[in-house]
Amino acid sequence: MTPRSYSNPLVDFVTSNADADCATNVDRVLRAVRTHLGMDVAFVSEFRETERVFHNVDARGHSPIHPGDAAPLDSGYCKKVVDGVLPELIPDTRGVPAAVALPETQAIPIGAHLSVPILLDDGAIYGTFCCFSFDADPSLGTRDLQMMKAFADLLGHQLSRDQALIGSRTDKLRRITSALDCGQPGIVYQPIYDITKHRAAGMECLARFSTDTPRSPDKWFAEAAEIGLGIDLEVSAICTALEGLDRMAPGTYLSVNASPEMVISGALAQILRSVDCDQVVLEITEHQAIPDYQRLGSALEHLRDRGLRLAIDDAGAGYASMRHILMLQPDIIKLDLSLTHGIDADPRRRAMASALIAFAGSTGSTVIAEGVENQSELGTLQRLGVSRVQGYFVSRPMPLEDAAAWSAEHA
């Protein structure tokens with residue numbers, strides 16, 4: 001048998017992969033070790049209460065085990081190595097009576113065997129990392145065993161991270177599904193006031209979550225999207241928001257938020273199939289990335305033909321909102337509160353707002369100023385040509401009953 005080179009495959013393996021995730025990929029570890037040792041099969045087994053499960057298997061040619069296979073915990077070599085009944089390093093199973101006595105040794109057959117426990121970061125035994133050959137290999141030595149242990153340590157850290165990610169995902173899934181089961185999010189309505197006609201123009205529908213751990217709505221929606229339930233949560237929010245449509249005074253629209261993914265999926269069109277779209281405004285914010293404007297525009301086309309108006313939120317907050325405006329041709333441009341706060345005392349804010357207002361006027365868009373908090377800001381915005389405002393100076397967000405009453409009072 002050709003002697004093996006000891007070029008430190010652990011270092012070679014890690015340094016050859018710039019991406020840390022690739023460097024600790026379980027299948028790559030198995031292939032690297034099995035190939036270096038010249039063994040026939042390498043696998044990782046997980047210990048459970050009564051069985052061991054083979055999650056990852058790498059083999060040269062035929063393998064007697066496959067990913068997903070399971071065997072009794074007390075059968076085979078794995079548990080016996082961990083318990084000290086069998087040695088971790090067996091160059092020739094014929095020289096170890098306890099190995100010869102195992103049915104697997106003759107049935108597979110197993111001529112040489114290496115096995116080391118995999119310890120998780122908390123010290124718990126996950127299972128074993130094993131290699132075996134059908135024939136004996138007297139060249140196997142302690143340096144091979146040390147290499148196996150080094151890789152087992154690497155695997156332990158990787159599996160610990162994987163389990164942490166699974167635990168985190170499970171927690172998120174439980175949190176989001178629980179919110180959905182409880183009919184969350186709830187909705188509050190913030191008035192949008194027409195300062196030229198002195199009446200309610202619309203109501204922005206804002207999601208609110210009632211939980212023991214307060215978190216902002218954007219974190220809820222981001223977490224839901226992360227685990228594949230983003231559209232479900234948006235559907236719940238929009239359906240709840242639209243329940244207030246018939247409660248508002250005539251001419252008062254509802255403004256709802258939807259992600260580009262939801263629009264493109266067709267879920268929004270499904271929700272609005274029996275809704276008078278003349279009474280609905282869809283808001284797209286600065287913070288929502290739009291990878292394909294053409295697909296989004298196509299998905300919105302039929303709804304806009306039915307009267308749905310499109311608003312770009314947070315205009316002036318960053319480059320993305322300006323790109324949204326140029327690519328989507330919105331009906332409404334909403335000035336971000338970073339522009340409106342202190343606009344009465346800041347000429348730079350006034351200059352920026354004036355440019356956006358002029359642009360809106362030339363393209364037929366309506367401007368809404370968000371975050372208006374005092375009479376001085378309101379007066380300045382009115383002089384600049386803003387016709388609609390929103391903010392605490394007009395009204396704070398309110399429950400549906402109060403919003404309906406406010407709408408009627410300001411009709």
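The values are calculated or read from the model by the stated rules, or taken from the named source; none is laboratory data. Being a predicted model, the structure only gives us computed values, none of them experimental. Here Cβ is always computed from backbone atoms with ideal geometry, including for glycine, and neighbour counts include all displayed protein chains.
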Filter the range 55-81 down to the residues that are over 38 Å from the mean Cα position of the chain (by Cα), at negative phi and crowded, with 17+ Cβ neighbours inside 10 Å and list them by number.
TYR77, LYS80, VAL81
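Taking helices (runs of 4 or more DSSP H) that fall entirely within the range 75-134, which contain at least 3 residues that are among the hydrophobic types (A, V, I, L, M, F, W, C)?
78-82, 97-100
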Residue among SER354, SER365, SER321, SER376 that alone is closer than 25 Å to ALA299 by Cα and more than 29 Å from the chain's Cα centre (by Cα):
SER365
Would you confirm, using the coordinates I've provided, whether ALA289 is assigned to a loop (DSSP other than H, G, I, E, B), of a type outside the set (Ser, Thr, Tyr) and without any contact (Cβ under 8 Å) to a residue 60 or more places away in the chain?
yes
Within the range 327-368, residues touching a strand residue (DSSP E or B) at 6+ places or on another chain (Cβ under 6 Å) and of a type in the set (Ser, Thr, Tyr) come out as THR340, SER365, THR366
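Among the residues of the range 242-301, count how many are of a type outside the set (Ser, Thr, Tyr) and over 23 Å from ILE333 (Cβ atoms).
Final tally of qualifying residues: 16.
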When the range 100-133 is checked residue by residue, the ones that are touching a residue at least 60 places away in the same chain (Cβ under 8 Å) and either surrounded by 17 or more Cβ atoms within 10 Å (Cβ to Cβ) or in contact with a Lys or Arg (Cβ under 6 Å, 6 or more places away or on another chain) (or both) are ALA112, LEU114, ILE118, TYR126, GLY127, THR128, PHE129, CYS130, CYS131, PHE132, SER133
From the list ALA258, ALA201, ALA237, exactly one residue is modelled with pLDDT of 95 or more, small (Gly, Ala, Ser) and either outside the structural domain of GLU370 (by TED's automatic domain parsing) or closer than 16 Å to LEU310 by Cα (or both). Which is it?
ALA201
Since ALA269 meets every condition but one in (1) modelled with pLDDT of 95 or more; (2) crowded, with 19+ Cβ neighbours inside 10 Å, which condition does it not meet?
(2)
Failed item, numbered, when ALA179 is tested on (1) part of a helix (DSSP H, G or I); (2) over 30 Å from SER255 (Cβ atoms):
(2)
I want to confirm something. Restricting to the range 240-255 and keeping residues that are in a helix (DSSP H, G or I) and either outside the structural domain of ILE332 (by TED's automatic domain parsing) or over 29 Å from the mean Cα position of the chain (by Cα) (or both), which single residue is nearest to ALA403 (Cα to Cα)?
ARG247
